[in-house]
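Data first, discussion second: the structure below is written as C-alpha cells.
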Amino acid sequence: MRHALRTDDGQQAIVAALRRAGVAVEVVGRPLDLLCAVRDPVGSWRTLYIECKDDDGRLTKPQIEFLARWPGETHIVRSPTEALRACFGEAMA
C-alpha cells in the first residue's frame, strides 16, 4: 500500500513565489518535490529539480541516492527566497 507523500510546510509558499516570478512549476513529489523550468534572458529554458525542506528537514535515503546519481541541476531550499535564488541567482532574491 502506498502512503501519501508528506509535504513540507513551506512548499506552498515556495511554489506560489516561483510561479509569481514566471517559473514553470510541477509538483512531482518524487524523487524531489518540484520540477521547474526557468527562461533565461535569451529565451532558452533551464530545467531544475527543487526539494523543499522545513528548517529542520532532512533528506530521505532515496533522495540522497537520487542526488548522488542525477547529473542535472538540483537544489535544496528552505524558503521562497532560497528557491528564487536557485532559479535566478542573487539578482532576483
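The values are calculated or read from the model by the stated rules, or taken from the named source; none is laboratory data. Remember, it's a predicted structure, so these values are computed and weren't measured experimentally. So basically every Cβ, Gly included, is an ideal-geometry build from the backbone, and we count neighbours across all protein chains shown. Heads up: the accessible areas ignore ligands, DNA and RNA and are worked out on the full protein's heavy atoms, side chains in. Shrake-Rupley method; radii C 1.70, N 1.55, O 1.52, S 1.80 Å.
Both radii come from the Cα set of segment 25-65: Rg as radius of gyration, Rh as Kirkwood radius; their ratio Rg/Rh reads 1.09. Axis angle, to the nearest 10 degrees, between helix 11-20 and the longest C-alpha principal axis of the chain: 20 degrees.
Taking the protein heavy atoms of the chain in the context of the full set of protein chains, the accessible area attributed to carbon and sulfur is 52 percent at 1.4 Å. Note on Arg58/Val27: beta-carbon distance plugged into 1/(1 + (r/R0)^6) with R0 of 25 Å gives a FRET efficiency of 0.80.
Using equal-weight Cα scatterers in the Debye expression, the normalised intensity of segment 1-83 in log10 at q = 0.12, 0.14, 0.15, 0.26 Å⁻¹ is -0.35, -0.47, -0.54, -1.41. The overall shape of segment 52-93, judged from the alpha-carbon gyration tensor, is oblate: a/c is not under 1.5, and a/b is no greater than b/c. Highest GNM mean-square fluctuation among Val28, Val15, Val42, for the chain modelled with Cα contacts below 10 Å: Val42. Approximating the spin labels as points 7 Å out from Cα along Cα→Cβ, the Asp9-to-Arg69 distance works out to 3.4 nm. Applying the Karplus relation 6.51 cos²θ - 1.76 cosθ + 1.60 with θ = phi - 60° to segment 72-87 yields 3J(HN,Hα) values of x, 7, 9, 9, 10, 10, 10, 7, x, 4, 5, 5, 5, 5, 4, 7 Hz, where x marks Gly and Pro.
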